[in-house]
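Down below is the structure, laid out as structure tokens.
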Amino acid sequence: IIRFSSEEEAGLKIDKAHENCIYELLKSESFTAVDALEFIGLPKEEQLKALDMFSGYIRDMLVYKYCGDKEILINKDKSHEIAKDTQMYAQEKLMDILDCAQMAKTSISANANVKLTIGVLRSRIRG
């Protein structure tokens, strides 16, 4: 099981400001140009924070899929959604999404084209 310090955990917990971005990345059937521009329009620090929170959500899905214990989730307030979302993905797919989210974070940190980077992440989630 992946454990974090309270400071690290706080960086992975979804806040209201980033909830829509995370929802759009993971669940939206059509990640529109408007959604991409909303993400692209964020300052780099906010883009990276949103990807951290997205990774935290995926981590919670993996933990729930593996052990089914809602008490050890970072986003306990989202436990019902996590339990539901977990059913849509195999463990291997969740690991792939988590890896891709980390690569996206690395790419954005290195000043890669954000629109292309998020497009790759979206295609890996859908693919």
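Quick rundown of the values:
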item	result
Residues being crowded, with 20+ Cβ neighbours inside 10 Å and either out of contact with any helix residue (DSSP H, G or I) (no Cβ under 8 Å at 6 or more places or on another chain) or touching a residue at least 40 places away in the same chain (Cβ under 8 Å) (or both) - total across the range 40-58	8
Residue in the range 12-24 that is modelled with pLDDT under 65, assigned to a helix (DSSP H, G or I), open to solvent by 60 Å² or more (accessible area, probe 1.4 Å) and more than 20 Å from LEU116 (Cα to Cα) present	yes
Number of positions in the range 59-72 that are without any contact (Cβ under 8 Å) to a residue 40 or more places away in the chain and either closer than 17 Å to VAL114 by Cα or open to solvent by 50 Å² or more (accessible area, probe 1.4 Å) (or both)	5
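The values are calculated or read from the model by the stated rules, or taken from the named source; none is laboratory data. Predicted model only: the values in this text are computed from it and were never measured. Every residue, glycine among them, receives a Cβ derived from its backbone with ideal geometry; neighbour counts consider all protein chains shown. The protein model used for the area step is the full one, side chains on, heavy atoms only, and it has no ligands, DNA or RNA in it. Shrake-Rupley method; radii C 1.70, N 1.55, O 1.52, S 1.80 Å.
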